[in-house]
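One structure is given below, encoded as structure tokens.
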Amino acid sequence: MSKPTTKEIQAALLDAAQQARENSYSPYSHFKVGAAVFTRQGHIFTGTNIENASYGLTVCAERNATFAAVGAGEKDIVALALVTQKLPGAKVNSPCGACRQVLAEFMPPNAPIYMAVLEGKKRTVVTKKLKDLIPLAFNLS
């Protein structure tokens, strides 16, 4: 993708996250999550939630996508998309606190977070900036 527009990045990330969601290993919660990050170098990395019978060992989709990018040597993430199913009473679902803190390590505060829920084939998206999701992020700088 060379010099994509924001709408093109958003669509590509949401599509990649939705596809990654299909690989979810969620036999305990039955809550499939997919995530995709876009790096400054122009690459997309995906992740899905992977649960474990020892619940503390479960890893969220957002962290798996972030760690895939970092593991490939790309530590400058400029956008993230998250795709989940609809929960009763929620318009969208946002990253958990642990994921927010990890994202704060590799994303600038103004980076967009595209949060989407699926209802059948309909995808509802809400966009927030990382700084709105974790206004007082812990950092060493």
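Computed from the coordinates by the stated procedures, all read-outs in this text should not be read as laboratory data. Everything numeric here is computed off the predicted structure, so don't read it as measured data. Glycine gets a Cβ as well: all are built from the backbone with ideal geometry, and neighbour counts include every protein chain shown.
Starting with the fewest neighbours, write out Arg100, Arg63, Arg40 ranked by other beta-carbon atoms found within 10 Å of each beta-carbon.
If I rank by nearby Cβ atoms, fewest first, I get Arg40, Arg100, Arg63.
In the chain, if the dipole is taken from +1 on Lys/Arg beta carbons and -1 on Asp/Glu beta carbons about the Cα centre, which of Leu14, Ala90, Val78 is farthest to the positive end?
Going by the Cα projections, it comes out as Ala90.
Which GluC sites (Glu not before Pro) in segment 1-88 sit in a loop by DSSP (not H, G, I, E or B) and have at most 14 other Cβ atoms within 10 Å of their own Cβ? Provide the component values of the computation, followed by the final result.
Details: sites: Glu8, Glu22, Glu51, Glu62, Glu74; in loops: Glu22, Glu51, Glu74.
In loop regions of segment 1-88 (DSSP not H, G, I, E or B), the sparsely surrounded GluC sites (Glu not before Pro) are Glu22.
Under the classification rounded if a/c is under 1.5, otherwise prolate if a/b is larger than b/c and oblate if not, where does segment 44-89 fall, given a ≥ b ≥ c as square roots of the Cα gyration tensor eigenvalues?
Oblate, since a/c reaches 1.5 and b/c is not below a/b.
Over 19 Å between C-alpha atoms is what I'm after, so list which of Lys7/Lys131; Lys86/Lys131; Lys7/Lys86; Lys86/Lys121; Lys91/Lys128; Lys7/Lys32 land there.
Details: Lys7/Lys131 21 Å; Lys86/Lys131 24 Å; Lys7/Lys86 23 Å; Lys86/Lys121 12 Å; Lys91/Lys128 13 Å; Lys7/Lys32 25 Å.
Table pairs above 19 Å Cα-Cα are Lys7/Lys131; Lys86/Lys131; Lys7/Lys86; Lys7/Lys32.
How do the peptides 122-128, 29-35 rank, highest first, by the average count of neighbouring beta carbon atoms within 10 Å per residue?
29-35, 122-128
Between Lys131 and Ala53, take the C-beta separation as r, use R0 = 25 Å, and let me know the FRET efficiency to the nearest 0.05. Working shown, then result.
Details: r = 36 Å, r/R0 = 1.43.
That pair, Lys131 with Ala53, gives E of 0.10.
How high is the relative contact order of segment 6-133, in percent, counting Cα pairs under 8 Å that sit 6 or more residues apart?
Dividing the mean separation by the residue count of segment 6-133 yields 21 percent.
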